[in-house]
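The values are calculated or read from the model by the stated rules, or taken from the named source; none is laboratory data. On a predicted model such as this, the values are computed, not experimentally measured, just so you know. So basically every Cβ, Gly included, is an ideal-geometry build from the backbone, and we count neighbours across all protein chains shown. Just the protein is used for accessible areas: all its heavy atoms, side chains included, with ligands, DNA and RNA removed. Shrake-Rupley method; radii C 1.70, N 1.55, O 1.52, S 1.80 Å.
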Amino acid sequence: QVQLVESGGGLVQAGGSLRLSCAASGSIFRINAMGWFRQAPGKQRELVAVMPSPGITNYADSVKGRFTISRDNVKNTVYLQMNSLKPEDTAVYYCNANVAPSGSYYGRDYWGQGTQVTVSS
């Protein structure tokens, strides 16, 4: 079994910063893509940032230049550094990883439990 555990959410004023972390643990053969999604009340879950493989990043247009995704492949951890936060960034942020469990060549998607980020104006 594979688990994703997130941390780092909270309440911050507009213009502030937060850093989210997500650690993958369990019976892991290989981690493929890792990324972050978010879901605001009444809205669909949307992609924020993803690393399909080490060194390659993709961002939603709304966060480009403000958010930075990074990975520590030794720790099986993905981070999201969020700067210049805006009230519209308020959402539950979910970690996502495509992981091939031990004994399997093929990956499947796993999700973290979500962490609340609230940006006050």
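Quick notes on this structure:
- Among residues of the range 95-121, those that are loosely packed, with under 15 Cβ neighbours inside 10 Å, touching a helix residue (DSSP H, G or I) at 6+ places or on another chain (Cβ under 9 Å) and part of a strand (DSSP E or B), counted: 1
- Of note, Met82 satisfies the criterion of being buried (at least 19 other Cβ atoms within 10 Å of the Cβ) and within 18 Å of Ser121 (Cβ to Cβ).
- Selected residue (only one of Val74, Val92 is open to solvent by 30 Å² or more (accessible area, probe 1.4 Å), on the phi < 0 side of the Ramachandran plot and in contact (Cβ under 8 Å) with a residue 40 or more places away in the chain): Val92
- Across the range 59-85, the number of residues qualifying as over 15 Å from Gln39 (Cα atoms) and not in a strand (DSSP E or B) comes to 11.
- In the range 1-58, the qualifying residues are those that are touching a residue at least 60 places away in the same chain (Cβ under 8 Å), part of a loop (DSSP other than H, G, I, E, B) and of a type outside the set (A, V, I, L, M), and the one that is surrounded by the most Cβ atoms within 10 Å (Cβ to Cβ) is Gly9.
- Among residues of the range 105-118 that are closer than 12 Å to Gln3 by Cα, those with a beta-carbon under 6 Å from a residue that is surrounded by 17 or more Cβ atoms within 10 Å (Cβ to Cβ) and hydroxyl-bearing (Ser, Thr, Tyr) at least six positions away or on a different chain give the pairs Trp111/Tyr94; Gly112/Tyr94.
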